[in-house]
Amino acid sequence: MKSHAQVVVIGGGVVGASVLYHLTKAGWKDVLLIERAELTSGSTWHAAGGMHTVNGDPNVAKLQQYTIELYKEIERISGQSCGVHITGGIMLAGTRERLDWLKMAKARGRYLGMELEIISVEEAAKLFPLMEKKHFKGAMYDPIEGHVDPYGVTHAYAKSAQIGGAEIVRHTRVTDLKARADGSWDVITDRGNVHAEHVVNAGGLWAREVGRMVGIELPILAMEHQYLITGDMPELVGKKEQLHAIDFEGEIYIRQERGGMLMGTYERAGVPWSPATTPWDFGQDLLPNDLERIAPSLEVGFEHFPALGAAGIKKVVNGPFTFAPDGNPLVGPIRGLKNFWVACGVMAGFSQGGGVGLALSRWMVDGDPGADIWGMDVARYGDWTTLAYTNAKVRENYSRRFSIRFPNEELPAARPLRTTPIYEKLEAEHAVFGDYCALEHALWFAPTRAEAEDQVSFRRSNAHPHVAAECKAVQTGVGLLEISNYGKFDIRGPGAAEWLSHVMANRVPAVGRIALTPMLNERGKLIGDFTMCRIAADHFFLVGTYAAETYYLRWFERHMAAGVSVRPCAMEYVGLSVAGPHSRALLQSLVRDDLSTAAFPFMSFRRMEIGMVPGYVGRVSFTGDLGFEIWVTTDYQRALYDLLVKAGREYGLKLFGGRALNAMRIEKSFGSWAREFRPIYGPFEAGLDRFVDFKKSAFIGRAAAAEEKDSGGALRLVGFKVDATDADAIGDEPIWHDGKTVGWVTSGAFGHRVNHSLALGYVPAALAKADTTFEIEIIGERRKAHRLAGAAFDPAGALMRA
Ligand SMILES: Cc1cc2nc3c(=O)[nH]c(=O)nc-3n(C[C@H](O)[C@H](O)[C@H](O)COP(=O)(O)OP(=O)(O)OC[C@H]3O[C@@H](n4cnc5c(N)ncnc54)[C@H](O)[C@@H]3O)c2cc1C
């Protein structure tokens, strides 16, 4: 084994092999993969090898498409067969809701160029005669589905990488990792050490253990997973290979395996494997079968596909593989560690392995993953992902793998975990809670405890009239909203203003003022949006998306300068917001400061005493009304809440929640991180031009942003008034124009203050003209969508400035 390498990849499963291949493809030749045993010695060797393109996150779906297309390339380079069988696949719907879900999946696939088709039960049965028609209501057909040989794929990646210059060392275990002062690593193994500039943790089943070598606890857990292979079936003799099928109600997947069928299940009562530590002596082993655990699924399976039941079981496989809490991979650099990268938690290695390798190699070589991979960025998790939290969430995700997640559905595992001091008070007001970064927050308020439950649906739900009442209260009186679930940063030091000016695209505000600002990467794309509040010349309070806290910190640390300190303080400061025409009178009754527009204009920020409570008050509101945001340390939140509620009685104060806020921000065409603002859009495309200050001589992304300004950008974020009846857009629906899919929805909701269904979405810039008509496909139906010239509510922004 060589003693120095530019990169050491730890782990020779399908993911590590893919990373190695992609690094060589990107031009890095001095790369070394170290494998404890033989290649495929983790979860890879006993995988069922199934692959498909459909994924809830369209950006992950794109990388899945890429993976499947890659197999031809690595077969050609390596001469090693991947055993690719593209059979096509059907997803079978047993309920009306599932058929709706499939129609939505089909619609989402449209703008990704996927040729998905909704077919009748009759058509499905022609394609897949093993099914018993009476159990199904319809299906979706995908021509690009199939299965591969896990051994063949891994070796094809590995050989292709070796041809590209990589070295692979087997039977060598990495036992420790030691960081050097210059950011390089000593990779300690049981057969000598290697000095590496970069280390990639592709340890699969042992990724947690490799993480612990550098002091991090990665949120992954392995689950036992079982599939069985039936005896040979006369029904298959002389026929072409059967399609892949997913039966959601049975929670099973099926495909042909030689003369029989392979049937796997994601059972409700899933069992974690080695929840705390993975034994190093686990190799190409299988776990004992537990058919009793999967019996309920098998029963449904044999009823829905009777020929399988008749064929009998020839073989059962029970093996572990890893999941992150949301089931998507963990990819990217780790905040706080230089040159340490992860590619783990990949639960669908044969659909995603190629995309993961591509994204990570680009990130390492070019400094940017080259695609929007927020959905699999390791930085989407923060320090709330304890071992037990991960355990609860992974089990929940596993058991729901084939369940529908409705847009208004909140999942119960690991809750309530994090709460703010007013949690019980909101509960007493019949709040329906959601969790965000494991923190409870009110979504809407029901009139009685008995009604305080979401009836899950793709259509307008039981919450609709209550959310309407909350929006109306804000429009005509005053509403109170908890705003604790934002990321917050305390930024100080003599260099703070200069640093912020470099990292953010907008100008730094004057003391006592607020500025909204996008944050751009070097390619001029949006990687954050913040509210910058200036407390003093050398002191700022920065508010942004909480889920992106680690993501932001990783970026801040990469661009850190002397004379500035950045401290995350999300849970140190919690907040309440009052919004609506009476909000000023209400707050004025509690503070000595003059809140008139003359004395405290829109976008002001100041320390005030609200009754006995010290806090910071900002004159902004995400609802687009006259409004104020109040930030206090956690110990004062209850007192502040009681004060506002008591004083608010006189003004008809009404509590409102996240659903109403979302509807109101869409009425104002205000974008939101991970929806309208993502690293695939530029600030001009996103309509944030006025927040990019070209008077500044330099800031990150300036040159690329200037180019975008000159060219106008390829896309444009547009607001739509949608002719919807009982279902509103929620996001990711295709936007049609002239019989073609031209864009996609980023957010949608019913706008109660304007009494219309609304959506925001991106279309080609050339089409973003006032007189263009569009259609938005909502649950399989194309609805007329009228482009709005400005915000649907108070387009001039007069109310918030009043
Ligand atoms: C029963 C079953 C069925 C499945 N079916 C499918 C399917 O149909 N389709 C699909 O896409 N996926 C399927 N999977 C999941 C698939 O197997 C995983 O997505 C994939 O194997 C993940 O690969 P990996 O490289 O991340 O991890 P692993 O395969 O676990 O590889 C990690 C490698 O790292 C090595 N390693 C770890 N630590 C060290 C160290 N310190 N030093 C040296 N080497 C180390 C290990 O020996 C191992 O070889 C299935 C899994 C199971 C168990």
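The values are calculated or read from the model by the stated rules, or taken from the named source; none is laboratory data. Predicted model only: the values in this text are computed from it and were never measured. For neighbour counting, all protein chains shown are included, and Cβ atoms are generated from backbone atoms with ideal geometry for every residue, glycine included. Surface areas here come from the heavy atoms of the whole protein model, side chains and all, with no ligands, DNA or RNA. Shrake-Rupley method; radii C 1.70, N 1.55, O 1.52, S 1.80 Å.
Summary of computed values
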| read-out | value |
| --- | --- |
| Per principal axis, descending, Cα span of the chain in whole Å | 82, 64, 50 |
| log10 of Debye I(q)/I(0), alpha-carbon scatterers only, for the range 131-172 at 0.33, 0.35 Å⁻¹ | -1.10, -1.13 |
| For the chain: relative contact order, % (alpha-carbon pairs under 8 angstrom, 6 or more apart) | 11 |
| Sparse-neighbour loop sites [trypsin sites (Lys or Arg not before Pro); the range 743-802; at most 14 other C-beta within 10 Å; DSSP] | Lys769 |
| Packing-based ranking, highest mean first, of 671-681, 736-746 given that Cβ atoms within 10 Å are counted | 671-681, 736-746 |
| Euclidean distance of C-alpha centroids, the range 717-732 and the range 640-654, integer Å | 34 |
| q = 0.19 Å⁻¹, the range 145-198: log10 I(q)/I(0) [Debye, one scatterer per Cα] | -0.82 |
| 13 Å cut-off, amide nitrogen to a point 7 angstrom out along Ala598 Cα→Cβ, residues in the range 618-651 | none |
| Peptides ranked, highest mean first, by Cβ atoms within 10 Å: ranges 211-219, 485-493, 268-276 | 485-493, 211-219, 268-276 |
| The range 220-267: trypsin sites (Lys or Arg not before Pro) in DSSP coil with no more than 16 other Cβ atoms inside 10 Å | Lys239, Lys240, Arg258 |
| Bins of 5 Å, starting at 0 and running to the largest distance - Cα pair percent for the range 200-339 | 2, 9, 17, 17, 15, 12, 11, 8, 5, 3, 1, 0 |
| Magnitude of the charge dipole, the chain, Cβ model with Lys/Arg +1 and Asp/Glu -1, debye to 20 | 1480 |
| Highest average packing first - 102-108, 592-598, Cβ atoms within 10 Å | 102-108, 592-598 |
| Neighbour net charge for Ser604 - beta-carbon separation under 9 angstrom, K R +1, D E -1 | +3 |
| Extended-chain gain in nm, criterion 0.36 nm per residue less alpha-carbon gap, Met1 and Glu217 | 74.9 nm |
| At R0 = 56 Å, FRET efficiency that the Cβ-Cβ distance of Ile188 and Ala585 yields, to 0.05 | 0.25 |
| Formal net charge of residues neighbouring Gly49 (Cβ-Cβ distance under 14 Å; K, R +1; D, E -1) | -2 |
| Ala93 long-range amide H proximity, modeled H, under 5 Å | Lys137, Gly138, Ala139, Met140 |
| Globularity ratio of the range 305-421, using Cα Rg and 2.2 N^0.38 Å | 1.34 |
| The range 400-540 - charge dipole about Cα centre, Lys and Arg +1 at Cβ, Asp and Glu -1, debye rounded to 20 | 460 |
| Percent accessible area from carbon and sulfur atoms, the range 65-121, protein chains only, probe 1.4 Å | 47 |
| Estimated Rh, the range 1-138: Kirkwood, alpha-carbon pairs, angstrom | 18.2 |
| FRET efficiency estimate (nearest 0.05) - Cβ-Cβ, Asn521 to Arg180, R0 35 angstrom | 0.80 |
| Dipole magnitude of the range 684-740, debye to nearest 20 (Cβ charges: Lys/Arg +1, Asp/Glu -1, about Cα centre) | 480 |
| Calculated FRET efficiency for the pair Glu167/Arg268, C-beta based, R₀ 56 Å, to 0.05 | 0.80 |
| Stretch gain in nm, segment Ala714-Trp280, where the contour uses 0.36 nm per residue and the Cα spacing is subtracted | 151.2 nm |
| Two-site label geometry, Arg607 and Ala639: point separation in nm, points 7 Å out along Cα→Cβ | 1.6 |
| Normalised per residue, the volume of the convex hull around the Cα set of the range 569-651 (Å³) | 86 |
| Where labels lie 7 Å past Cα in the beta-carbon direction, separation of Leu127 and Ala796 in nm | 5.5 |
| Relative contact order [Cα under 8 Å, 6+ residues apart], the range 124-194, whole percent | 15 |
| Length-normalised contact order of the range 1-100 in % [C-alpha pairs under 8 Å, at least 6 apart] | 19 |
| Alpha-carbon centroids, the range 230-285 and the range 736-795: separation in whole Å | 42 |
| Rounded percent of accessible protein surface that carbon and sulfur make up, the range 316-376, 1.4 Å probe | 47 |
| Calculated P(r) of the range 430-517 - Cα pairs past 19 Å, % | 60 |
| Environment charge at Pro416 (Cβ cut-off 10 Å; Lys +1, Arg +1, Asp -1, Glu -1) | -1 |
| Residues of the range 18-110: accessible area per residue with a 1.4 Å probe, Å² | 33 |
| Candidates per trypsin sites (Lys or Arg not before Pro) in the range 605-663, loop by DSSP, up to 14 other Cβ within 10 Å | none |
| Cα pair distances of the range 660-781 binned at 10 Å [whole percent] | 13, 42, 31, 12, 2, 0 |
| Anchor Lys240: lysines whose Cα lies under 21 Å away (excluding residues fewer than 8 positions away in-chain) | Lys126, Lys133 |
